[in-house]
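Structure, as structure tokens:
Taken together, the values in this text are just the output of simple stated rules run on the coordinates, not laboratory data. As the structure is a prediction and not an experimental result, all values here were calculated from the model. Cβ sites come from the backbone with ideal geometry, for glycine too, and all protein chains shown count toward neighbours.
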Amino acid sequence: MFKEAGKKLKLAAKILFWVIAVIGTIEGLVLVSKTTFWAVLLIPLSIGLGYVSSLALYAFGDMCENIDLIRSNFYTVTTIMEKRFPDLAESDIEDDDNQ
């Protein structure tokens, strides 16, 4: 359920955008038929609102994916560094014990 949360957030952002855009377009067309022609401005306004509201969610999902990537790369780098310089890892532990 919680694996690959970044991809799920990005998908939710896309779905949110399309739901807001479609509902806003339908509402705009209904209002145009009932009221004045100025209600047609609701259509681009709803699309813009859907874009802005889903943008933050999409950016957060992208950030989650990037953090997972950084975490996996960081683990690889630290493993290589520990194999290449084993005395550095041991000296850090000894320094912590002496303090």
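Annotations
- Subtracting the Cα-Cα distance of residue 62 and residue 36 from their residue separation scaled by 0.36 nm leaves 5.2 nm.
- The alpha carbon centroids of the stretch 28-45 and the stretch 8-25 are separated by 21 Å.
- Computed helical MRE - 222 nm, the chain, DSSP H runs ≥ 4 contributing -39500 (n - 2.57), nearest 500: -31000 deg cm²/dmol
- Cross-link reach is defined here as a Cα-Cα straight distance under 29 Å, omitting same-chain residues fewer than 8 places apart; for residue 14 the lysines meeting it are 3.
- Placing +1 on the Cβ of every Lys and Arg and -1 on the Cβ of every Asp and Glu, with no other charges, gives the chain a dipole of roughly 1260 debye about its Cα centre.
- For residue 52 and residue 73, a Förster radius of 41 Å and the Cβ-Cβ distance give a FRET efficiency of 0.80, rounded to the nearest 0.05.
- Selection among 17, 6, 36 by position relative to the dipole of the stretch 5-98 gives 36 as farthest towards the positive end (Cβ unit charges, Cα centre).
- Burial order of peptide ranges 46-58, 26-38 (average beta-carbon count within 10 Å, highest first): 46-58, 26-38
- Couplings 3J(HN,Hα) of the stretch 68-81, computed from phi: 4, 5, 5, 4, 5, 5, 5, 4, 5, 5, 5, 5, 5, 5 Hz, in residue order, whole Hz [Karplus 6.51 cos²θ - 1.76 cosθ + 1.60, θ = phi - 60°; x for Gly and Pro].
- Between the entries [x] 15, 51, 33, 1; [y] 15, 23, 18, 16, 12, 8, 6, 3, 0; [z] 15, 39, 34, 12, 0, the label attached to P(r) over Cα pairs in 10 Å bins from 0, in percent calculated for this structure is [y].
- Inter-label distance, nm, simple model (7 Å from Cα along the C-beta direction), residue 26/residue 11: 2.3
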